[in-house]
Every structure is written in C-alpha cells, then in structure tokens.
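> Next up is a structure, given as structure tokens.
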Amino acid sequence: MSVTPEILSLVDPTVAQLKRRQIEGTKDIALSISQLLMRVISTARWTNPYDLIKIIRKVGTILISAQPKEVVVGNVVRRVLALIRDEIETEATSSSTTASASKDTPMMSSMFSLLSTNNNDSNSEIHHQSKKQSSDLRSIIIQGIRDLIDEISNVNEGIESMSVDLIHDNEILLTPTPSSSTVLQFLIKARAKRKFTVLVTENYPNDIARARKFVKTLAENKIETVLIPDSATFAVMSRVGKVIIGSNSVFANGGCLTNSGVANVVECAKEHKTPVFAVAGLYKLSPLYPFNREDLIEVGNSGKVLNYDDHKLIDNVEVITNPLYDYVPPEHIDIYLTNVGGFAPSFIYRIVLDNYKTEDTNLE
C-alpha cells in the first residue's frame with residue numbers, strides 16, 4: 001500500500017509545522033499527531049486492516065523523519081498501531097469462536113446446505129459482510145484514538161491525585177524543570193492540603209524566562225518559592241526532602257530524556273540520598289532503548305552560553321556546546337509518577353509491553 005496524494009495533503013502541513021518548530025511541547029505534539037492519524041484513518045481506503053497498518057507505518061515514518069529527536073511522535077504512532085492490532089486480534093478471536101460454533105451444528109442441516117445452489121448470493125453476502133466489518137473496524141479505531149486524545153488531554157489529573165500522598169507539610173522540594181506544566185500542576189494541587197517550599201533552578205541558559213514565569217505562578221498560588229542558580233544545587237541539596245523532575249520521554253530501560261542540567265541535579269541528589277520523583281504521562285513512555293545517547297540529545301544555540309561579542313575569549317575555546325536535553329539513567333530515579341500510577345524504573349518495560357506491540361518498534 002502506498003500513501004495516496006489525499007493522505008499526503010493531510011500529512012504535509014503537520015510535517016511542515018514539526019520542521020519549523022511551530023508545535024511546542026510534548027503534549028501539544030502528541031495531540032496534533034493523534035488528530036492527524038484520526039483524519040488519515042477516516043480518509044484512507046482499505047478493505048484489509050493490514051493494509052491500514054502499512055499506511056499508518058509509512059505516515060509514521062514521514063512524521064518521525066520531520067523531527068527525529070522528538071520521541072513522542074513515534075510513541076503516538078505506535079500506540080495507534082497497537083490499537084489496530086488489538087482490534088484485529090479481537091475480530092480473529094470472535095470469528096474463530098463463530099467457526100467452532102458452526103462445527104457443532106447438526107449433521108442434518110449440513111446435509112441440506114450441501115443441496116443449496118445459491119453460490120452467487122453467498123459470495124455477495126460475504127463481500128457485504130467484509131465491507132461492513134471494515135466500516136465497523138474503522139469506527140472502532142477512530143473511537144480508540146478519541147479515547148487516546150482524552151487520555152493525553154487529561155494526563156495531569158491522574159498525576160495530581162498522587163501529590164498529596166507524596167508531599168509532606170513543611171517540606172523543601174527542588175525542581176530543575178521549570179518548563180514542565182505537569183510538575184507545575186502537581187505542586188499546585190499539593191498546595192491545597194500541604195504547606196511546603198519549592199526551590200527552582202534557573203536552568204541556564206535556555207529556560208531562564210520560563211523559570212521566572214514558573215516561580216511567579218507558584219507564588220500566585222501561595223506557594224513559598226525560591227529561585228536559585230544552577231551552581232547552588234549541591235549547597236542546598238542537604239536541606240531538600242525530594243527532587244521532582246519533568247521528562248520529555250521515558251525509555252524502556254527506565255531512563256529518561258529531560259531538560260539540560262537535570263543530570264547534575266540528580267547526581268547531587270544521589271550523593272545526598274535524596275529521593276528523585278519523575279513525572280511523565282503514559283504517552284511519553286517509549287519502547288525504544290537509548291543505545292546511542294549522544295544522538296538523542298539536541299544541541300541549541302551556542303551563543304547563549306558564550307556571547308559572540310566576546311571574540312577574544314572565543315578564540316581560546318575549541319568547542320562551545322549548548323545541549324537542550326540531558327539523559328538521566330534509571331539508577332538516578334526512584335519512582336516514575338504516571339497517570340496510571342507510580343512505578344519503579346525497572347518496571348517501565350512492563351508498562352511498555354502492555355501499550356505497544358514489539359513488531360512496531362521499528363517502523364521502517
């Protein structure tokens with residue numbers, strides 16, 4: 001099955017938006033990809049569900065190539081493929097049950113059916129039945145994607161409910177991910193029943209503006225908040241009760257990709273035996289393994305690290321890099337808080353197996 005011009009006309013605008021970074025944030029990207037796949041399934045012409053799987057795999061390959069380092073794009077495509085395969089298995093199970101029931105029919109009815117000569121009518125009936133099954137399957141898959149969209153939209157609600165049990169009164173918390181809306185809602189929800197202090201790192205040089213906005217929002221919700229430089233992390237860690245981090249994606253081995261600078265914070269937390277909680281929606285869990293970690297980390301504008309006006313200093317520096325993300329290994333995280341519960345990093349692979357199919361790990 002090839003991708004028709006009709007489907008390409010639906011996919012091309014989203015590909016352009018991904019390449020131009022017009023869609024920001026993992027949640028917005030996941031919702032955009034889910035809605036696109038729903039339109040593709042509605043438009044695509046297929047009679048065999050395996051043809052639909054081929055179409056979705058090709059569309060997924062195009063979307064992933066538009067922004068290869070955004071893992072959430074592939075996650076949503078694989079979730080939809082797993083949904084289709086589950087429906088195929090359900091149909092196969094029900095048809096095998098019907099076939100076994102037909103074997104139990106009396107011999108007399110089978111003998112009379114041999115004498116019938118309505119072959120043309122039976123063929124047309126089978127064709128009509130398969131057509132009906134494909135239309136029913138299409139509507140079931142679309143409803144499944146709508147449920148996925150609802151899950152992504154309401155992901156914070158499931159995580160917020162655990163905040164009161166994990167945060168204690170008069171506790172000092174540290175978060176090095178001020179760009180995470182999930183962490184923000186997690187802390188605001190906990191403030192309804194707990195009184196605590198939050199230390200927020202500046203996350204220099206990429207998220208200083210977001211950090212200040214994050215602190216302002218927490219202060220407006222009557223949460224005592226202190227903005228600290230990244231260099232002060234080790235000095236304050238002995239007073240911190242818990243470190244709460246957001247994540248861009250979580251891999252099958254339990255490691256995660258998160259904001260630049262977080263790797264240093266969790267290293268300090270491990271040294272002081274401070275527990276680290278990572279919050280992540282289920283759609284961020286990926287069946288991929290971080291074999292080559294350097295390829296996962298995107299590099300930003302190096303001019304933010306060292307201004308180009310300091311040309312005398314730049315002449316004495318060989319390489320200036322500004323990584324936008326950090327890889328945090330599973331041994332530095334104590335528990336993942338998701339919208340379906342809290343899990344140890346060693347258990348993430350089991351959650352991945354429940355939501356993805358192994359045959360769709362490689363879409364090419």
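The values are calculated or read from the model by the stated rules, or taken from the named source; none is laboratory data. All values derive from a computational prediction rather than experimental measurement. Cβ: placed from backbone, ideal geometry, glycine included. Neighbour counts: every protein chain shown.
> Is it the case that Ile33 is modelled with pLDDT under 95, among the hydrophobic types (A, V, I, L, M, F, W, C) and not assigned by TED's automatic domain parsing to the domain that holds Ser180?
No, not satisfied.
> Something else about it: From the set of residues in the range 231-252 that are more than 23 Å from Asp169 (Cβ to Cβ) and surrounded by 17 or more Cβ atoms within 10 Å (Cβ to Cβ), which is nearest to the chain's Cα centre (by Cα)?
Once the filter is applied, the top-ranked residue is Ser249.
> Is it true that Val164 is in the same structural domain as Gly342 (by TED's automatic domain parsing), among the β-branched types (Val, Ile, Thr), on the phi < 0 side of the Ramachandran plot and surrounded by fewer than 16 Cβ atoms within 10 Å (Cβ to Cβ)?
When the stated conditions are applied, Val164 passes them.
> Among the residues of the range 38-83, which ones are farther than 18 Å from Gly144 by Cα and among the polar types (S, T, N, Q)?
Thr47, Asn48, Thr61, Ser65, Gln67 - these are the residues of the range 38-83 that are farther than 18 Å from Gly144 by Cα and among the polar types (S, T, N, Q).
> Turning to a different aspect of this structure: Can you list the helices (runs of 4 or more DSSP H) found entirely within the range 118-186 that contain at least 3 residues being at pLDDT below 95 and charged (D, E, K, R)?
Output list reads 119-153.
> Could you list, in sequence order, all residues of the range 315-346 that are more than 17 Å from the chain's Cα centre (by Cα) and either among the aromatic types (Phe, Trp, Tyr) or in a helix (DSSP H, G or I) (or both)?
Pro330, Glu331, His332, Ser346
> Looking at (1) of a type in the set (S, T, N, Q); (2) under 22 Å from Gln143 (Cα atoms); (3) assigned to a loop (DSSP other than H, G, I, E, B), find the lone condition where Gln22 falls short.
Result: Gln22 passes all but (2).
> Hey, can you tell me all the residues within the range 183-220 that are of a type in the set (S, T, N, Q) and over 21 Å from Ser163 (Cβ atoms)?
Asn203, Asn206
> While we're looking at this one, here's another question. Residue under question is Val328, and the condition is that it be touching a Gly at 6+ places or on another chain (Cβ under 8 Å), surrounded by fewer than 17 Cβ atoms within 10 Å (Cβ to Cβ) and β-branched (Val, Ile, Thr); does it hold?
So Val328 fails the test.
> Right, here's the next one. Limited to the range 211-229, what total is found for residues that are buried (at least 17 other Cβ atoms within 10 Å of the Cβ) and either under 19 Å from Val305 (Cβ atoms) or not assigned by TED's automatic domain parsing to the domain that holds Thr321 (or both)?
Looking only at that region, the number is 1.
> Here's something else I'd like to know. All but one of (1) hydroxyl-bearing (Ser, Thr, Tyr); (2) in contact with a strand residue (DSSP E or B) (Cβ under 6 Å, 6 or more places away or on another chain); (3) under 21 Å from Gly341 (Cβ atoms) hold for Ser181, so report the exception by its number.
Of the numbered conditions (1) hydroxyl-bearing (Ser, Thr, Tyr); (2) in contact with a strand residue (DSSP E or B) (Cβ under 6 Å, 6 or more places away or on another chain); (3) under 21 Å from Gly341 (Cβ atoms), the odd one out for Ser181 is (2).
> Restricting to the range 209-227, name every residue that is of a type in the set (Gly, Ala, Ser) and farther than 16 Å from Leu199 by Cβ.
Ala209
> Restricting the search to the range 163-210, which residues are closer than 30 Å to Gly303 by Cβ and without any contact (Cβ under 8 Å) to a residue 24 or more places away in the chain?
Result: Ile208, Ala209.
> While we're on this one: Mind checking which helices (runs of 4 or more DSSP H) fall wholly inside the range 253-314 and carry at least 3 residues that are surrounded by 13 or more Cβ atoms within 10 Å (Cβ to Cβ), at pLDDT 90 or above and touching a helix residue (DSSP H, G or I) at 6+ places or on another chain (Cβ under 7 Å)?
Numbers: elements: 262-271, 293-296, 311-314.
In the range 253-314, the matching helices (runs of 4 or more DSSP H) lie at 262-271.
> Report, by residue number, each residue of the range 215-232 that is in a helix (DSSP H, G or I) and in contact with a strand residue (DSSP E or B) (Cβ under 6 Å, 6 or more places away or on another chain).
Of everything in the range 215-232, those that are in a helix (DSSP H, G or I) and in contact with a strand residue (DSSP E or B) (Cβ under 6 Å, 6 or more places away or on another chain) turn out to be Val215, Leu218, Ala219, Asp230.
> Something else now. So which residues in the range 188-212 are within 30 Å of Pro323 (Cβ to Cβ) and in a strand (DSSP E or B), if there are any at all? Show your work before the answer.
First, pick out the residues of the range 188-212 that are within 30 Å of Pro323 (Cβ to Cβ): 188, 197-212.
Result: Thr197, Val198, Leu199, Val200, Thr201.
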